[in-house]
Structures are given as structure tokens and as C-alpha cells.
């Protein structure tokens, strides 16, 4: 058993390696390692396929959509969107109060919704409404979106830094997922096996 003094004497690299080697083996997790690998491959293929389909679709819309269009259910569309935005804001506030990790996801998603809200407000405005929509976007929606999204990235960096998984010059987009590490899993399994043998003796 390591003492507090021994841990304090470790370098950051040694602490990071220790945490990785003590991680719970994926054999004890559900889903299993092979399922996680297959799902990752499926998601990558799905995203690449979506990009391949979306690019020509955007080009088609750019040349085919009219500049003026009479929209149906206009009131329900905006009320429904604002209700969704309200629910996300309330959920983010609650998760922040409870200090739950899911806050990172809801805060970032809420920021994206605010950006979408500002975009459609400005782009669908007409006449004097353009100045009001632009002012609302610049004064409230976009600053609030920046606070939420930057805050989510800061929490992500904090979580990674506490696990010694973040170097000084590492950007948020460079943080790797805590995927299974074969050598670490083997080390933990060996220790568990030794402990069981001691108990049996």
C-alpha cells in the first residue's frame, strides 16, 4: 500500500501511469471490450457516411430553396423550440447545483441551441425586426452560449487534469477518451488474483 508521502514524491507522469494501471479492467465492465470496439467502428462509419450525404444535400438546398417561403405551424415551431431551450437551461442549472458530470454535456448542448436560436432569429427577421434580433443575439444569446460552452470545456479540462490526463500545452480537443489499456488491465487482474490467492491460503 502506497503512503501519502510516497504518492506526494511521485512525478506527474508517475501519478498518471499509476492511475491508468489501477483503472478497472474492462472485463468487469458492461458492455465488453469487443462490443465497445464494434460500436466505435459503427459510429465512425456512421459519422463519415453522414458527412458524405450531407455535403451534396447542402449544395442541393443552396440552389433549390426559395428566398421567401410561407411556413406552416410557425408559432408552434418557435414555442416548441423555446420550451426545449428552457428545459435544457433548467437541466443545466440543476446539474450544476448538484455537481453532476452530465453538466458538461447539457451545458455544451444548451450553448449550441442558443447559437441556433440566434441564427434563426436574425436570418428570419424582416425590417425593423432585424436590429432587435441582432441586438438580442449579441447582447444575450451568444454571450450566454459562450459562457456555457467555454464552461463545459473548462470542466472537461479539469476532469482530465485531476486524472493526470492533461499536459500543460494540451488543448481540450486533444484530450483522449479513457479507452481500455491492455497492460493496465493485466496489472489490475494480476493484483486481484494475488489477493484472492492470499484469502484462500
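Looking at (1) modelled with pLDDT under 95; (2) touching a helix residue (DSSP H, G or I) at 6+ places or on another chain (Cβ under 8 Å); (3) not in a loop (DSSP other than H, G, I, E, B), can you tell me which one residue 84 breaks?
Against the list (1) modelled with pLDDT under 95; (2) touching a helix residue (DSSP H, G or I) at 6+ places or on another chain (Cβ under 8 Å); (3) not in a loop (DSSP other than H, G, I, E, B), residue 84 comes up short only on (1).
Looking for whichever is assigned by TED's automatic domain parsing to the domain that holds residue 82, assigned to a helix (DSSP H, G or I), over 15 Å from residue 81 (Cβ atoms) and touching a helix residue (DSSP H, G or I) at 6+ places or on another chain (Cβ under 8 Å) here; the options are 94, 112, 142, 138. Which one fits? Show your work before the answer.
Working: 94 fails: touching a helix residue (DSSP H, G or I) at 6+ places or on another chain (Cβ under 8 Å); 112 fails: over 15 Å from residue 81 (Cβ atoms); 138 fails: touching a helix residue (DSSP H, G or I) at 6+ places or on another chain (Cβ under 8 Å).
So the residue among 94, 112, 142, 138 that is assigned by TED's automatic domain parsing to the domain that holds residue 82, assigned to a helix (DSSP H, G or I), over 15 Å from residue 81 (Cβ atoms) and touching a helix residue (DSSP H, G or I) at 6+ places or on another chain (Cβ under 8 Å) is 142.
Cβ-Cβ below 8 Å, separation at least six or inter-chain, first residue in the range 153-180 and more than 18 Å from residue 103 (Cα to Cα) and not assigned by TED's automatic domain parsing to the domain that holds residue 100, second at pLDDT below 70 and outside any loop (DSSP other than H, G, I, E, B): which pairs?
If the second residue must be at pLDDT below 70 and outside any loop (DSSP other than H, G, I, E, B), the pairs left are 180/26; 180/33.
The values are calculated or read from the model by the stated rules, or taken from the named source; none is laboratory data. Small disclaimer: the values here were computed from a predicted structure and weren't measured. Cβ atoms come from the backbone with ideal geometry, glycine included; neighbour counts cover every protein chain shown.
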